[in-house]
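K.L.:
Sharing a structure, written as structure tokens. Questions coming.
The values are calculated or read from the model by the stated rules, or taken from the named source; none is laboratory data. Every value quoted in this text rests on a predicted model; they were computed, and no experiment measured them. Here the Cβ positions follow ideal geometry from the backbone for every residue, glycine too, while neighbour counts run over all protein chains shown.
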Amino acid sequence: MLSAADAQFVRRDSALPGLATMLDPEAFAGALAPFMPAIDPGSARIEYVRYKPGKSCIVAYRVGVAGMEVKLYAKAHPAFRRSPPAPRPLGPKRIVLQEGAITVSTFPTDGKLKAVAELVDPESRNRVLREVVPERPDLWGGILEDLRYMPERRYVAQLLAGGTVQASVKVYVEREYETVRRAKALESRGPLRIARRLGCSDVYRVVSHEWLSGRLLSELVLDPEMDLEAMARTGAALAELHSQQPAGLERLTRRAEGATLLSLSANLGFVLPHLSGRFDGLARRLADSLAEESPVYQPIHGDFYAKQVLLGENTVAFLDLDRAAYGDPAADLGRFVAHLEREALWGTLTAGRLEALRDALLEGYREATRRPIPSRLELYTGVGLFRLTPDPLRFREPSWPERTEAILDRSETILQGPRQVTDAGRVGGDLPGTFDG
């Protein structure tokens, strides 16, 4: 059954009539039952939602079928693009429901990531890997283990050969693939480690990198016994990335940053109309503040937070350079701090611990650069928090409207004046199992 908050925006979005079924696991499982008789109605679980009001919605599911867990995704189609009016299967891996309002694709079938099916199939995997890593015949017969799948956007797996993990393999949509190709120029220096690219394929839009070992910083920041020296090392490694001069990266302009915030505000305002004025006001304030700042162009990670940092014994590796660009280095620092702020909102970090982690990161960065921390840090922390506001809905967190508003509150507070971090006002409820920056 849909929650009250879900039901409200579903009713308003008449352009996507399949939303009500797609966002209700019980109803969705019931709609699939004629095509999957062995489905367990109570097993359907939403893992991810990507929603653009009036235009599109993709919902990633896991369902139990005949005692096995099956990955699939549902895609809503606008009324004017409807298929013929009959639920029907489109081969063994695709189903059309509700007069064409919904299509369902079973993994590894994907409408935009065609290479996933070829990689998952052992018979065609060898051919694809020969194209991706032609100089590594030891990997051609490797075994894939899924790590992350975002339908019609990205697929990530680890590649095992000889019984050990040897490489990562990622499949991208065209736009993201081109960004990743350009990020090749970033390199390991000093404390910074960047995974070496093993190969790529323009035909399949697949990239493979060496597998790096270590421990995710995201696992450590929640440990009250964590040595803050790891945060200082992370700051120094980030300074090293910002000091490089790679060729080929796109420029992230202030105007583009502001446009992203305004677009995000429009979507959020539709989903939570009682907050639309606040979303719009804050997005405009952030965009105007960014426009007032002079352009700064240094290489940045673009999606920097603790889950993107892998700590080795003497190295700090940065993962997922999918959004690398020339932009403001304060954006990386602010986004990292924004993620810490969110953990404090959820109660997994105390105010004191948040400040200690933040200060250690900034001190490591400051010592490495021999320059003051950019004055735009607070602005970009607010920007980072604003860009996290879709996550509670995206990952179906409990009480997602309240969590969305809590992040909005914190972003507004940070921009109002001197920092005030307290343990009051945290959001309760079960913690989500995963986040996506």
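K.L.:
Going by what's in this entry, would residue 268 be described as crowded, with 16+ Cβ neighbours inside 10 Å and either over 22 Å from residue 386 (Cβ atoms) or of a type in the set (Gly, Ala, Ser) (or both)?
P.N.:
In short, no.
K.L.:
Determine, yes or no, whether residue 360 is among the small types (Gly, Ala, Ser), more than 28 Å from residue 292 (Cα to Cα) and in contact (Cβ under 8 Å) with a residue 24 or more places away in the chain.
P.N.:
Taking the combined requirement at face value, the residue satisfies it.
K.L.:
Continuing with this model, one more query. Please enumerate the residues belonging to segment 15-53 that are within 14 Å of residue 98 (Cα to Cα), of a type in the set (Gly, Ala, Ser) and not in a helix (DSSP H, G or I).
P.N.:
Matches in segment 15-53: 15, 18, 33.
K.L.:
State all residues of segment 201-224 that are more than 21 Å from residue 308 (Cα to Cα) and either more than 20 Å from the chain's Cα centre (by Cα) or hydrophobic (A, V, I, L, M, F, W, C) (or both); if no residue qualifies, say none.
P.N.:
201, 202, 203, 204 - these are the residues of segment 201-224 that are more than 21 Å from residue 308 (Cα to Cα) and either more than 20 Å from the chain's Cα centre (by Cα) or hydrophobic (A, V, I, L, M, F, W, C) (or both).
K.L.:
Out of curiosity, is residue 302 farther than 21 Å from residue 190 by Cα, buried (at least 18 other Cβ atoms within 10 Å of the Cβ), in contact (Cβ under 8 Å) with a residue 40 or more places away in the chain and touching a Lys or Arg at 6+ places or on another chain (Cβ under 9 Å)?
P.N.:
Working: farther than 21 Å from residue 190 by Cα: no; buried (at least 18 other Cβ atoms within 10 Å of the Cβ): yes; in contact (Cβ under 8 Å) with a residue 40 or more places away in the chain: yes; touching a Lys or Arg at 6+ places or on another chain (Cβ under 9 Å): yes.
Judged against the criteria, residue 302 is not a match.
K.L.:
Let me ask something additional. Give segment 370-417 a look and list any residue that's among the basic types (Lys, Arg) and either in a loop (DSSP other than H, G, I, E, B) or within 22 Å of residue 285 (Cα to Cα) (or both), or say none.
P.N.:
Selection gives 370, 371, 376, 387, 396, 403, 410.
K.L.:
Answer yes or no: is there a residue in segment 359-380 that is over 18 Å from residue 233 (Cα atoms), among the aliphatic types (A, V, I, L, M) and at pLDDT 95 or above. Break it down into steps so the answer makes sense when it comes.
P.N.:
Start the filter on segment 359-380 by keeping residues that are over 18 Å from residue 233 (Cα atoms), which leaves 374-380.
Then keep just the ones that are among the aliphatic types (A, V, I, L, M); that gives 377, 379.
If we keep only those that are at pLDDT 95 or above as well, we get 377, 379.
Yes, some residue in segment 359-380 is over 18 Å from residue 233 (Cα atoms), among the aliphatic types (A, V, I, L, M) and at pLDDT 95 or above.
K.L.:
Looking only at residues that are out of contact with any strand residue (DSSP E or B) (no Cβ under 9 Å at 6 or more places or on another chain) and either closer than 13 Å to residue 364 by Cα or in contact (Cβ under 8 Å) with a residue 40 or more places away in the chain (or both) in segment 213-234, which one is surrounded by the most Cβ atoms within 10 Å (Cβ to Cβ)?
P.N.:
Residues of segment 213-234 out of contact with any strand residue (DSSP E or B) (no Cβ under 9 Å at 6 or more places or on another chain): 219, 221-229, 231-232.
So of that shortlist, the ones also either closer than 13 Å to residue 364 by Cα or in contact (Cβ under 8 Å) with a residue 40 or more places away in the chain (or both) come out as 221-222, 224, 228-229, 231-232.
Values: 221: 25, 222: 12, 224: 10, 228: 15, 229: 10, 231: 27, 232: 20.
Restricting to residues being out of contact with any strand residue (DSSP E or B) (no Cβ under 9 Å at 6 or more places or on another chain) and either closer than 13 Å to residue 364 by Cα or in contact (Cβ under 8 Å) with a residue 40 or more places away in the chain (or both), the top hit is 231.
K.L.:
Could you please give the count of residues in segment 23-58 that are within 21 Å of the chain's Cα centre (by Cα) and farther than 21 Å from residue 154 by Cα?
P.N.:
Residues that pass the stated criteria total 2.
K.L.:
Among (1) surrounded by fewer than 17 Cβ atoms within 10 Å (Cβ to Cβ); (2) modelled with pLDDT of 95 or more; (3) not aliphatic (A, V, I, L, M), there is one condition residue 154 misses while meeting the rest; what is its number?
P.N.:
Failing condition for residue 154: (1).
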